[in-house]
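First comes the structure, then the notes that go with it.
The values are calculated or read from the model by the stated rules, or taken from the named source; none is laboratory data. This is a predicted model, so every value here is computed, not measured. FYI the Cβ positions are ideal-geometry reconstructions off the backbone, even for glycines, and counts take in every protein chain you see. To get the accessible areas, we keep the full protein, side chains included, count just its heavy atoms, and leave off ligands, DNA and RNA. Shrake-Rupley method; radii C 1.70, N 1.55, O 1.52, S 1.80 Å.
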Amino acid sequence: MRKLTLVLFLFIGFSLFSQEKSDAVTKHFDQYLTNKSIFEMIEKSFPTLEECQQVFIGDHAKVYLNGIQEVKKVIQNILSNPDSETLVKSSYEKFSSNDAKSEDGKGSFGMNRIKDVLQPDITYYLISYKTSDGSDSKFSPFKFFVKLNGKWLFFPKPTIVFGK
């Protein structure tokens, strides 16, 4: 009986551990499981200058905002002829600007290269989507989303803007 209890306990423990977690982040992004809905959400999620100032230091906020204008056009182009890819779930990885500013900068998806333009204490989310066959969506991952003042904002690849 004791061995059975131990085996049952281990099985339940491993089952719970192996289940994918569902939290506020995945619940939010799981609302958008078609490319059309994802890009409509992104189109409405570009930051304003004031929001850029919360993420980037000084005049870098305006440089970034000007630098993403072309991305907005690309998103509108995608929306004019959306792909019909079927998506089943979202997932994410996160890191903070403090991680990027740390000595080794590991786990910051290259943001350590632009650490001098980042405000402290900002959490970035790299959002990925899976298709029904388990592969990554052709548009995934989306770099990066930030939640500011209760609102999800899309900050497309800051390393490209500041790497010029």
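General observations
- Size descriptor, Kirkwood hydrodynamic radius, that averages inverse alpha-carbon separations across region 25-93, Å: 13.6 Å
- Separation of the alpha carbons by more than 25 angstrom is noted, of 27/115; 36/138; 62/101; 101/143, for 27/115.
- Rounded to the nearest 10 Å², the accessible area of residue 57 at probe 1.4 Å: 60 Å²
- Taking the centroid of alpha carbons for each part, region 100-120 and region 24-82 are 21 Å apart.
- Separation of the residue 139 and residue 26 label points, Cα + 7 Å toward Cβ, nm: 2.1 nm
- Length-normalised contact order of the chain in % [C-alpha pairs under 8 Å, at least 6 apart]: 21 percent
- Put simply, the chain fits an ellipsoid with semi-axes of 34, 22, 13 Å; these come from the alpha carbon gyration tensor as the roots of five times its eigenvalues, largest first.
- Site pair residue 62 and residue 94 shows an inter-label distance of 3.2 nm when each label is modelled 7 Å from Cα along Cα→Cβ.
- Surface accessible to a 1.4 Å probe, residue 86 within the full protein complex, Å²: 80 Å²
- In terms of its alpha-carbon gyration tensor, region 61-126 comes out oblate; a/c meets the 1.5 threshold, while b/c is at least as large as a/b.
- Taking every protein chain into account, the accessible area of the chain amounts to 62 square angstrom per residue (probe 1.4 Å).
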